[in-house]
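So the structure is just underneath, and the comments pick up after that.
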Amino acid sequence: MRLSHTPVDAIEMFDREIFVKRDDLLHPEFSGNKARKFAYFLEHDFPGVDKLIGYGSAQANSLYSMSALAKMRGWQLDFYVDHIASHIKTQSQGNYAAACKNGANIIDLSETDDREGRDSLTYIQEQVLPTQKQAVFVPEGGRCSYAEYGVFKLAEEIRAWFKQRGLSSLIVFLPSGTGTTALFLNKYFVERGAAIRVLTCAAVGGDDYLKLQFKALSDETHHHPEIVAMPKKYHFGKLYREFFEMWKRVCSTGIEFELLYDPLGWMALEHYLKSSGDRTPIIYIHQGGLLGNISMLPRYQRKFAD
Ligand SMILES: *Cc1c(COP(=O)(O)O)cnc(C)c1O
């Protein structure tokens, strides 16, 4: 089972060469970004633990990855969601269906009688955790210091590759959700004085939200990655024609990318390159998540059929 040491490919985009770190090639059950973030939970002992507790969207990559992690460890997964859209429940593929197959216990809070208007996190903190002493709780999207362990391994691989290629500087580019991956990558490079900097864009919730996330994970502003601001605001999970165009363009290089984060990621990278003229070598991190394409792609094809 491959959980680290992914290869680096080179593709041609925006009239130049761009390296791609193939974290999508990590073990398919436990793939990409979340495999890095949850590595800590696979590689350490948790005596007495028999349950994993998480929350988030019923379509999230983290739901699927946590279900795979729980299965591997022989734990039960209790995953709390705000609500589940009816079309998700009937899908036979995608993150939700695959998590159910892995035995995940998905709890729809809109159907509980003791919710009392609380959001998922508050509900878990007040109603669940006090009685679940044998459980490991993972915040939404794996936003926690446990993630540092696996993300540092990714950073180590990038630094080893950088040295082996004899590069004198490098930009690591990746689209952010909670910003956990980007922050811990950048922290690793800053702490070691490497000539590597991390550039990212806010796929979820905008630049100010992302800055707050960085702050919550590290007080040291020099650990914070640079955010590429986009001229237009995009809403997470919404379908935009320019996203679909960019996705098709980057997939035509022969590597399939995912449809939630990568379209904005590649657009932000293009925007950065055009506006800065920067010629520093770039490595884009392919963070996996391809299972989500099974439900996203038909939606794009229906909306922009031409
Ligand atoms: C979770 C995820 C992200 C976001 O990672 P953060 O550390 O939350 O910024 C990006 N891409 C994919 C494919 C993911 O699964």
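The values are calculated or read from the model by the stated rules, or taken from the named source; none is laboratory data. Because the structure is predicted, anything quoted here is derived from the model rather than measured. When we count neighbours, we look across all protein chains shown, and the Cβ atoms used for this are built from the backbone with ideal geometry, even at glycine.
Observations on the model:
- Test result for V228, away from the ligand (no atom under 13 Å from the Cβ), crowded, with 18+ Cβ neighbours inside 10 Å, closer than 23 Å to P263 by Cβ and touching a residue at least 12 places away in the same chain (Cβ under 8 Å): yes
- Residue tally, condition more than 16 Å from the ligand (Cβ to nearest atom), in contact with a helix residue (DSSP H, G or I) (Cβ under 8 Å, 6 or more places away or on another chain) and part of a helix (DSSP H, G or I), over the range 122-151: 1
- Residue within the range 220-233 that is within 19 Å of D15 (Cβ to Cβ) and assigned to a helix (DSSP H, G or I) present: no
- Among the conditions (1) among the small types (G, A, S); (2) assigned to a loop (DSSP other than H, G, I, E, B); (3) buried (at least 19 other Cβ atoms within 10 Å of the Cβ), the only one that S92 does not satisfy is (3).
- Of all the listed residues (A98, A104), the sole one being surrounded by 17 or more Cβ atoms within 10 Å (Cβ to Cβ), among the small types (G, A, S) and in contact (Cβ under 8 Å) with a residue 60 or more places away in the chain is A98.
- Residue match in the range 102-120 (condition: of a type outside the set (K, R) and within 15 Å of the chain's Cα centre (by Cα)): no
- Among the residues of the range 1-26, the ones that are more than 17 Å from E157 (Cα to Cα), of a type outside the set (K, R) and out of contact with any Asp or Glu (no Cβ under 9 Å at 6 or more places or on another chain) come to 3 in all.
- Pick from the range 152-183, criterion within 14 Å of P281 (Cβ to Cβ) and within 16 Å of the ligand (Cβ to nearest atom), ranking: surrounded by the fewest Cβ atoms within 10 Å (Cβ to Cβ): I158
- The range 249-269 residues that are over 18 Å from G206 (Cβ atoms) and at pLDDT 95 or above, paired with ones that are acidic (D, E) and not in a helix (DSSP H, G or I) (beta carbon under 6 Å, 6 or more apart): none
- Taking residues in the range 147-164 that are within 14 Å of R192 (Cα to Cα), and partners anywhere that are of a type in the set (G, A, S) and away from the ligand (no atom under 16 Å from the Cβ), the pairs with Cβ atoms closer than 6 Å and at least 6 places apart or on different chains are K153/S4; R159/A194.
- Matching residues, the range 261-302, being within 26 Å of Y64 (Cα to Cα), away from the ligand (no atom under 14 Å from the Cβ) and in contact with a Leu (Cβ under 7 Å, 6 or more places away or on another chain): L297, R299, Y300
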